[in-house]
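> Have a look at the structure that comes next, please.
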Amino acid sequence: MTFPLLSQFNPETGEVAGYSPKPRFLENLKGYFLDEVAYLQALQAGNPVIYSVTSVEPAHGDGQLHYGLGKIMPGKIGREYYFTSPVFTKVLRQTYDLNYLFRKAKEEGI
């Protein structure tokens, strides 16, 4: 089984050829970090990119596989790392592990 669109992913750069990542900045995450004072201080010091998302939608319609690639930057707001923010734990609960989906497809002969 081959997945031609997945071959466009470059694991060294984290990019998908032909698709642009959309940055998400600190200012867009008000209320997601536990320490509001630390959030405001970090925002005053600059507006860093917290994460970026590349959405890959190769086709439209029933049965089409769309996927996204998220890249979380290193850093903290107060004592909380970007990755532990509720925005990520909520998103992770709503997504599927691509390796799991491929294993299931292989098991079912798809």
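> Which shape class, rounded, prolate or oblate, goes with the range 14-83 when its Cα gyration tensor gives a ≥ b ≥ c as root eigenvalues, a/c under 1.5 marks rounded, and past that a/b bigger than b/c marks prolate? Don't skip to the answer; put the middle values down first.
On the way: a/c = 3.12, a/b = 2.57, b/c = 1.21.
Taking the square roots of the gyration eigenvalues as a ≥ b ≥ c, the range 14-83 is prolate.
> On a straight-distance basis, which aspartates and glutamates could pair with LYS22 in a cross-link, Cα separation under 20 angstrom, same-chain partners fewer than 8 positions away excluded?
Answer for LYS22, where 20 Å is the Cα cut-off: GLU12, GLU57, listed by chain and number.
> In straight Cα distance, which aspartates and glutamates are under 17 Å from LYS106, not counting same-chain residues fewer than 8 positions off?
Partners within reach: ASP97.
> Give the aspartates and glutamates whose C-alpha is closer than 20 Å to that of LYS76, dropping any in the same chain fewer than 8 places away, or say none.
GLU27, ASP35, GLU36
> Could you check the spin-label model distance between ASP35 and SER55? Points 7 Å from the Cα along Cα→Cβ, value in nm.
3.3 nm
> If each of LEU65 and GLU27 carries a label point 7 Å out from its Cα toward its Cβ, how far apart are those two points in nm?
Between LEU65 and GLU27, the simple spin-label model gives 3.8 nm.
Here, each number is a calculation from the coordinates, and none is a lab measurement. Since we're looking at a predicted model, the values are computed, not measured. Neighbour counts run over all protein chains shown; Cβ positions are idealised from the backbone, glycine included.
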